[in-house]
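What follows is one structure encoded as structure tokens, with my remarks underneath.
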Amino acid sequence: MNNPRETIPLEDELGDVLDKAMGLAGVSTEDAAAQAGIELSRLQDALDWRSDLNCDEIGRLARVLSLNEVGLGAIASGAYPQPEVGGLPFCLYPLRMPHGIGVVNAYIVAECGSERGLLFDTGPGLCALRSVWPANIKYIDAVFLTHVEAEHAGGLCEVVASLQIPKAFTPPGAVSPCGQPLPDGAKWTGPYLTVTAFHTPGHAAAHNGYLVETVCGCQCRKLFISGDLLFAGSVGCAFYCRNRLRDSVRRVLGALPANAVLAPGHGPLTTVANEQRYNPFVV
Ligand SMILES: [Fe+2]
């Protein structure tokens, strides 16, 4: 990962963030517009990605929906900060794959210079994965799934067989014939890297995040694979439970060092400090 500051688009625009926020708050579009003193048609335009809302209106919506006003304003103006993400003590390879109308991320983490690595998620499947595979990585020691949606865990069995991956781990409760559950707090340790599972339900009932560190225990920058729990500037849809999603986000951000790099299932890399300061859903 050569670029120390990412410049790829956020996963969610203003309309997506407002839509998710109303869902999390249990507030209808009509009620949100009325409580914020905004014409309903103007809020509906924003939800349809045609926002003409001014700063005052954004501020009122943030207060009504309990959002971080600074972060929501930054998203509305297309100026959400993307922090410096270099300095990890290992090499991180984001594998960005088109899927439907969007892009999904898987990741390889490896000791720099090594042909061996760890794979986090499989993307839509083996074919897509091969199209973005780094030429220098020849072996995968283990694959860790954040959740088992098709866009993140596509073709797991085929990937495991084709790449001859000796271990595949899934979140507890996930149904997969090719992986074994890695419960909250469990560690996988290899010769250079250690991975700790964080059970992070909310987007899905069976959802894990993974903390990646070197085995030396040095005070180096850490990496957290966040799946569809937390994105730069947003969170995943609360398909399972909005309260659990909020709790999982709070727990992860509270447990990690401020300079830890977050690697989400969609959108650019970010950091704990950046999301604590600007993420609309973190207040
Ligand atoms: Fe996703």
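Full-extension gain between residue 161 and residue 30, please, as 0.36 nm times their residue separation minus the C-alpha to C-alpha distance.
Working: separation 131, 0.36 × 131 = 47.16 nm, distance 5.10 nm.
Result: 42.1 nm gained on full extension.
Farthest towards the positive end of the charge dipole of the chain, among the residues 163, 104, 93, is the Cα of 163, using unit charges on the Cβ of Lys, Arg, Asp and Glu. The trypsin sites (Lys or Arg not before Pro) of region 7-82 that DSSP puts in a loop, and whose beta carbon has at most 13 other beta carbons within 10 Å, are 50. Legend: calculated FRET efficiency, residue 186 to residue 39, from the Cβ-Cβ distance at R0 = 51 Å, rounded to 0.05, equals 0.50. Across region 14-76 the C-alpha pair distances fall into 5 Å bins from zero in the proportions 4, 21, 37, 31, 7 percent. Secondary-structure-derived ellipticity at 222 nm for the chain, considering helices only, amounts to -8000 deg cm²/dmol, per-run term -39500 (n - 2.57) for DSSP H runs with n ≥ 4. In this Cβ point-charge picture (+1 for Lys and Arg, -1 for Asp and Glu), region 14-76 has a dipole of about 160 debye about its Cα centre.
Across q = 0.14 Å⁻¹, the chain modelled as identical point scatterers on its alpha-carbon atoms has Debye log10 I(q)/I(0) values of -0.96, in the order of the q list. Note on residue 222: lysines with a C-alpha under 23 Å away, same-chain residues under 8 apart excluded, are 167, 187. The Cα atoms of region 23-125 define a convex hull whose projected area, averaged across directions, is 9.3 nm².
Which of 118, 18, 47 moves most in a GNM of the chain, Cα contacts under 10 Å? Maximum fluctuation in the GNM of the chain, among the listed residues, is at 47.
Between 0 and 90 degrees, the angle of helix 14-25 with respect to the longest Cα principal axis of the chain falls at about 90 degrees. Taking label positions 7 Å along the Cα-Cβ direction at both residue 258 and residue 283, the computed distance is 2.3 nm, reported to one decimal.
Please give me the summed charge of the neighbours of residue 251: other residues whose Cβ is under 13 Å from its Cβ, Lys and Arg +1, Asp and Glu -1. Each step should come with its number before you reach the end.
Details: positive: 244, 246, 250; negative: 184, 247.
Summing Lys and Arg as +1 and Asp and Glu as -1 gives +1.
All of the numbers you see were taken from the coordinates with simple rules; none came from a lab. These figures come from a predicted structure and were not determined experimentally. Backbone-built Cβ (ideal geometry, glycine too); neighbour counts: all protein chains shown.
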